[in-house]
1. When the accessible area of the range 145-185 is split by element with a 1.4 Å probe, what percent falls to carbon and sulfur?
2. Suppose the chain between Arg171 and Val71 were pulled fully straight at 0.36 nm per residue; how much longer would it get relative to their current alpha carbon spacing?
3. Number of Lys-Lys pairs in the chain under 24 Å by Cα, sequence gap 8 or more or different chains?
4. Ignoring ligands, DNA and RNA, please state the percent of accessible area on the range 19-96 from carbon and sulfur, probe 1.4 Å.
5. Taking amide H positions as placed 1.01 Å from N in the peptide plane, with prolines and chain starts having none, which residues 5 or more places from His91, or on another chain, fall under 5 Å of its amide H?
6. Sequence-distant or interchain residues sharing an amide H contact under 5 Å with His160, placed H: which?
7. Positive end of the dipole of the chain, charges at C-beta (+1 Lys, Arg; -1 Asp, Glu), about the Cα centre: which of Ile29, Val137, Leu120 has its Cα farthest in that direction?
8. Please turn the phi angles of the range 122-139 into ³J(HN,Hα) values with the Karplus equation 6.51 cos²θ - 1.76 cosθ + 1.60 (θ = phi - 60°), one per residue in order, whole Hz, x for glycine and proline.
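The values are calculated or read from the model by the stated rules, or taken from the named source; none is laboratory data. Predicted model only: the values in this text are computed from it and were never measured. Because the Cβ atoms are built from the backbone with ideal geometry, glycine has one as well, and the counts that use them run over all protein chains shown. In case anyone asks, the SASA skips ligands and DNA or RNA and just uses the protein heavy atoms, side chains included. Shrake-Rupley method; radii C 1.70, N 1.55, O 1.52, S 1.80 Å.
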Amino acid sequence: MTQIIALAAEARNGAGKGTARQTRRDGRIPAVIYGNKEKPVTISLEAVTFTRVLHKPGFFTHLYDVTVDGVTTRTLPRDVQFDPVTDRPLHVDFLRVSETTEIVVKVPVEFVGHEASPGLKRGAMLNIVRHEVELHVRANNIPEHLTVNLDGVDVGASIHISSVTLPEGARPVIDRDFTIATVAAPSGLKSEENATAEA
């Protein structure tokens with residue numbers, strides 16, 4: 001289950017570049033909450049606080065309860081625009097979500113059990129094909145990450161999405177059993193195996 005983080009915001013009057021620039025001069029970041037067949041709401045976020053939240057792992061897979069004038073809206077961040085020179089956030093888009101909202105989100109892949117992999121113990125290399133997997137998933141059921149257990153994985157093995165446990169109701173965007181990682185023999189181990197085979 002995804003983590004839900006509280007985020008305080010202020011209502012922002014008006015739209016357009018001039019208003020947005022003034023908001024940034026005031027030490028705040030312009031943002032908008034949209035979706036769920038409701039009218040978009042323009043808001044602003046305190047720059048230092050939001051930047052700290054932004055740089056924590058899993059920003060785009062966490063839900064945020066954004067409170068404006070005492071009204072709290074559950075949201076999922078969908079886009080952050082950055083200054084091309086300073087890399088500071090310039091604008092944030094939040095999508096309103098409910099228990100039934102299904103979205104597409106990229107979920108990071110975490111690998112565990114390295115020490116229990118016979119292949120890695122023999123010096124093989126873990127070749128990660130996908131660091132993230134795109135899923136169709138309910139907004140209230142986004143996983144922090146997908147866990148791949150390397151226990152028992154030997155040289156030459158391929159790990160496919162079918163071997164990964166997904167949250168209930170979640171499905172990959174790609175409709176086939178794609179590869180997430182392989183355990184490949186390093187050149188030294190290949191030479192040793194080739195010599196053994198020739199003998």
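1. On the way: 940 of 2120 Å².
Ligands and nucleic acids excluded, carbon and sulfur give 44 percent.
2. Full-extension gain reported as 32.7 nm.
3. 4
4. On the way: 2280 of 4320 Å².
The computed percentage sits at 53.
5. Amide H neighbours of His91: Gln81.
6. Distant-sequence amide H within range of His160: Ile180.
7. Ile29
8. Per residue, the Karplus-derived 3J(HN,Hα) values read 7, x, 5, 10, 7, 9, 7, 7, 10, 7, 9, 10, 7, 10, 8, 7, 5, 4 Hz.
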